[in-house]
Amino acid sequence: CDWRSVGDYRDIRYEVAEGIAKITINRPEVRNAFRPQTLFELSDAFNRARDDDEIGVIVLTGQGDLAFCSGGDQRIRGDDGYIGDDDVANRGIGRLNVLDLQVQIRRTPKPVIAMVAGYAVGGGHVLHIVCDLTIAADNARFGQTGPKVGSFDGGYGSGLLARIVGQKKSREIWYLCKQYDAAEAEEMGLVNTVVPLAQLERETVSWARQMLQHSPLALRMLKASHNAVDDGLAGVQQLAGDSTMLFYMTEEAQEGRNAYREKRTPDFGQFPKRP
Ligand code: 1HA
């Protein structure tokens, strides 16, 4: 893939090629741990990929072979959350803004692939959980660390994890804070496939290319449909919003708009009452 770099970021890289956006957390010195700045930039990049109608698939990854992401940067963890440079000026108020990014990844109406080499642990593990698909290198290691470092993610990090691997396994992962290798992760359905590290990007791009050959609207509807139950009314809203979008594309809906604009009574009688 011939990646072209776009945007001006400090903590991440945003690259595009042949309909794929690749978003890379670029803090390898801390195993790609995130700070508030990282998450604001990731949010901007996901917006960019969403709004670009040339982009059909998004890849989230970490710089280097050692880590996808190691979660929140513990060096700048204050007494109430993670404190960024701007927050220091703002009286040092902490943030848990990775939660906003999790929701944004779920909401992004395009498939998101987590491309994992090395560690995906803590809040970094939850980021791969909320991605649609995970392609792992054979050196990948997965786990939650919350109870070890004084944290927990009771939202997607627990609830969605339990939907993926089952209640018993999810509780084991969280209560014991064990690490799991790529083969174990595949065994429990936590990742889609495992490939040799040297083939990680080639395999991920191949999955992306296959999806790019498929109907973008069908993929969008499938993502919203898979989200719907687990996201509650917000999930129903996403799916319903897509229904509204499709409805707007019909002559029947357009008759309502046209009649309003033309100040006449709408003629919905011309449309079939479908069986
Ligand atoms: O749970 C939440 C949240 C819950 C609700 C709402 C918001 C949340 C937001 C965040 C989080 C969390 O992410 S809590 C969990 C935080 N993360 C961790 O507990 C993982 C900590 N790191 C590790 O366990 C290990 O470093 C590692 C398994 C990822 C890698 O081990 P390895 O290969 O042996 O390397 P290591 O020597 O440990 O790390 C290399 C360097 O990276 C070290 O720095 P150095 O001694 O060279 O100066 C290490 O301190 C640094 N580093 C790694 N991870 C982090 C980190 N520095 C800051 N924060 C990190 N997360």
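Numbers for the structure displayed
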item: Answer residue from region 84-104, given it is surrounded by fewer than 22 Cβ atoms within 10 Å (Cβ to Cβ) and β-branched (V, I, T) and is farthest from the ligand (Cβ to nearest atom) among those; result: V88
item: Residues of region 53-69 satisfying the condition of being more than 16 Å from the chain's Cα centre (by Cα) and within 15 Å of the ligand (Cβ to nearest atom); result: Q63, G64, D65, L66, A67
item: Qualifying residues in region 107-119 (those that are more than 9 Å from the ligand (Cβ to nearest atom) and closer than 22 Å to S170 by Cα) - the one surrounded by the most Cβ atoms within 10 Å (Cβ to Cβ); result: V116
item: Test result for V229, of a type in the set (V, I, T), closer than 22 Å to A162 by Cβ and open to solvent by 80 Å² or more (accessible area, probe 1.4 Å); result: yes
item: Enumerated strands (runs of 3 or more DSSP E) restricted to region 20-74, each holding at least 2 residues that are open to solvent by less than 50 Å² (accessible area, probe 1.4 Å) and among the aliphatic types (A, V, I, L, M); result: 20-25, 57-62
item: Among residues of region 155-171, those that are free of Cβ contacts under 8 Å to residues at least 24 places away in the same chain and either loosely packed, with under 15 Cβ neighbours inside 10 Å or within 18 Å of the chain's Cα centre (by Cα) (or both), counted; result: 6
item: Which numbered condition A140 fails, given (1) buried (at least 20 other Cβ atoms within 10 Å of the Cβ); (2) more than 22 Å from V205 (Cβ to Cβ); (3) within 12 Å of the ligand (Cβ to nearest atom); result: (2)
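The values are calculated or read from the model by the stated rules, or taken from the named source; none is laboratory data. Being a predicted model, the structure only gives us computed values, none of them experimental. Using ideal geometry, Cβ is built from the backbone for each residue, glycine included, and neighbour counts are taken over all protein chains shown. These area figures cover heavy atoms from the full protein model, side chains too; ligands, DNA and RNA do not enter into them. Shrake-Rupley method; radii C 1.70, N 1.55, O 1.52, S 1.80 Å.
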